[in-house]
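I have placed the structure first, in the form of structure tokens, so that the comments after it can refer back to it.
The values are calculated or read from the model by the stated rules, or taken from the named source; none is laboratory data. Bear in mind the structure is a predicted one, so any value in this text is a computation, not a measurement. Methodologically, a virtual Cβ is constructed for each residue, glycine included, from the backbone with ideal geometry; neighbour enumeration extends over all protein chains shown.
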Amino acid sequence: MIYDRILVRFGDLTLKGKNQKEFIKALHKLVASKMEGLNVEIDYQHDRIYIHLLDENQEEVIKRLNYVSGISSYSFVCKCDKDINVIKETALKLMKEVVNDTIKAFKVNTRRTDKNYALRSMEITKAVSGYVLANHKLLKVDVHNPDIELNIELRNDACYLYNTNIRAMGGYPVGTLGKGLLMLSGGIDSPVAGYLAMKQGVEIECIHFESTPLTSIESAQKVVDLVKKMAKYAPNNKINVHFIPFKEIHMALLDNVPESYNITIMRRMMYRIATKLALKRNCLCIINGESVGQVASQTLRSMNTINSVTNYPILRPLCTYDKLDIINISKKIDCYDLSIKPFEDCCTVYVPKAPATAPKIDKAEAYEKAFDYEAMIEKAVDNVNSICISVDSDLDLPLMGLEVSEVIEMIRSKK
């Protein structure tokens, strides 16, 4: 194939002001991390990146680039000398390679950043168009509705030609906008929320509320497997996960709170715990997968009652998404098949028959006085089980007769 490089373009970070260099530096570091182990050479320029493929499989390079936030788009390109005759020959070779029976018309676009070059952009366009037209009998020029476009960039170092422009992840390099704590269940929504937060430059740690044996340990295993998928988008392919022992609080809720308010107060407890852990882990916000109106606890009145227990910023990347949009993203990031496995977490194992959709703060506070939840929350935070999960982690939580805390302790002891 004539293409020997991939051109990487930056996304919204080019709109940044004085701190643009820091964003670009972070993106360079992220690309280098994702390309680790591949036989490529990376040429970092001030407004783009060129990845020389050498003998590396281009599909593997593209696969990894799709895990990098902050990239707007990329193109397969070929590099040649800036001599106009060399450019014309290279353009003809490229067109002969990519043109098929469905392509009849083409257009040439020239961008000349080297202002000292002898020919102007329009002169280059005319010269190349005429040469391709004269030597490729199946093509004609159509500047309004071309089947294919040939792009030529004259830069200071060389000339680059391409005819593809593939959309990438976009957003900002993950980690450049701080760190957030993702409330991760085993469902469809929260992994998508985590992905979208990382896409916008927020590094994440995850908190999961586990109630084994009230909930199965397979539910916790789902979380591990989902984090492995999400870690592909994270710096160094790793994400910290914090398992909160929630059984005692869960039992107290079932024993002391009216069924209609069970989910409301459960979420209030989770927000209190997440706030304390976020402070400990230097997270600047709490992230969750709530979408307005999707379930009883996600009506605006429910959110207001649940949110009243914390003054921490809450990010809801999915707040205006409908379920089909969320499912499509879940499939895109390869989490959907895991998310729909039938293992229930704290929020789904005991779903009330008639949950309150407009719960009141004063009622929630009154019901909470029935048990000493503050001591339980402190105990849960103090006994959190934390582990770093990477894309290569081989964790099997459902070991015979063991709870999450015991399995994690076994994993730590092996390291």
Pairs, first over 15 Å from Leu161 (Cβ atoms) in the range 131-151, second exposed (fewer than 13 other Cβ atoms within 10 Å of the Cβ) and of a type in the set (S, T, N, Q), C-beta under 8 Å, six or more apart = Asp147/Thr102
Restricting the range 349-371 to residues that are hydroxyl-bearing (Ser, Thr, Tyr) and modelled with pLDDT under 90, which is farthest from Lys222 (Cα to Cα)?
-> Thr357
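Quick check: anything in the range 103-118 closer than 16 Å to Asn163 by Cβ, out of contact with any strand residue (DSSP E or B) (no Cβ under 9 Å at 6 or more places or on another chain), touching a residue at least 24 places away in the same chain (Cβ under 8 Å) and in the same structural domain as Phe10 (by TED's automatic domain parsing)? Write out each step before concluding.
Filtering the range 103-118 for residues closer than 16 Å to Asn163 by Cβ gives 103-111.
Next cut, out of contact with any strand residue (DSSP E or B) (no Cβ under 9 Å at 6 or more places or on another chain) only: none.
Checked against the condition, which is being closer than 16 Å to Asn163 by Cβ, out of contact with any strand residue (DSSP E or B) (no Cβ under 9 Å at 6 or more places or on another chain), touching a residue at least 24 places away in the same chain (Cβ under 8 Å) and in the same structural domain as Phe10 (by TED's automatic domain parsing), the range 103-118 yields no hits at all.
Which ones in the range 97-112 are under 20 Å from Cys78 (Cα atoms) and at pLDDT 90 or above?
So the first thing to find is which residues in the range 97-112 are under 20 Å from Cys78 (Cα atoms), and the list is 97-100, 106-112.
Within the range 97-112, Phe106, Lys107, Val108, Asn109, Thr110, Arg111, Arg112 qualify.
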If you check every pair at least six apart or on different chains, which have Cβ atoms under 6 Å apart with a residue in the range 324-337 that is touching a residue at least 12 places away in the same chain (Cβ under 8 Å) first and a residue that is outside any loop (DSSP other than H, G, I, E, B) and of a type in the set (A, V, I, L, M, F, W, C) second?
-> Ile326/Val192; Ile329/Val192; Ser330/Val192; Cys335/Leu226
Is there a residue in the range 337-348 that is assigned by TED's automatic domain parsing to the domain that holds Ile239, modelled with pLDDT of 95 or more, within 21 Å of Ile188 (Cβ to Cβ) and of a type in the set (Ser, Thr, Tyr)?
-> no
For residues in the range 65-80 being touching a strand residue (DSSP E or B) at 6+ places or on another chain (Cβ under 8 Å) and under 12 Å from Tyr172 (Cα atoms), which is surrounded by the fewest Cβ atoms within 10 Å (Cβ to Cβ)?
-> Ser72
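For Thr310, state whether it is modelled with pLDDT of 90 or more and assigned to a helix (DSSP H, G or I). Before you say what the answer is, go through the steps one by one.
Working: modelled with pLDDT of 90 or more: yes; assigned to a helix (DSSP H, G or I): no.
For Thr310, the condition - modelled with pLDDT of 90 or more and assigned to a helix (DSSP H, G or I) - is not met.
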Please determine, by comparing only the residues of the range 94-123 that are within 19 Å of Ile2 (Cβ to Cβ) and β-branched (Val, Ile, Thr), which one is surrounded by the fewest Cβ atoms within 10 Å (Cβ to Cβ).
-> Ile103
Selection within the range 206-254 - acidic (Asp, Glu) and buried (at least 24 other Cβ atoms within 10 Å of the Cβ) | Glu210
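So if I check each of Lys34, Lys25, Lys88, which one is touching a helix residue (DSSP H, G or I) at 6+ places or on another chain (Cβ under 6 Å), within 27 Å of Ala231 (Cα to Cα) and surrounded by 13 or more Cβ atoms within 10 Å (Cβ to Cβ)?
Lys34
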Scanning the range 24-34 residue by residue, the ones that are more than 17 Å from the chain's Cα centre (by Cα) and among the hydrophobic types (A, V, I, L, M, F, W, C) total 2
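Considering only residues that are among the polar types (S, T, N, Q) and touching a residue at least 60 places away in the same chain (Cβ under 8 Å), look in the range 152-192 and name the one that is farthest from Val77 (Cα to Cα).
Step one: of the range 152-192, the residues among the polar types (S, T, N, Q) are 156, 163-165, 176, 185, 190.
Subset that is touching a residue at least 60 places away in the same chain (Cβ under 8 Å): 163-165, 176, 185, 190.
Numbers: Asn163: 8, Thr164: 8, Asn165: 10, Thr176: 29, Ser185: 42, Ser190: 37 Å.
The extreme case among them is Ser185.
Could you tell me which residue of the range 215-272 is modelled with the lowest pLDDT, considering only residues that are β-branched (Val, Ile, Thr) and assigned to a helix (DSSP H, G or I)?
Residues of the range 215-272 that are β-branched (Val, Ile, Thr), as a first pass: 215, 217, 223-224, 227, 239, 241, 244, 249, 257, 263-265.
If we keep only those that are assigned to a helix (DSSP H, G or I) as well, we get 217, 223-224, 227, 249, 263-265.
Numbers: Ile217: 77, Val223: 91, Val224: 91, Val227: 96, Ile249: 94, Ile263: 90, Thr264: 92, Ile265: 94.
By that ranking, first place goes to Ile217.
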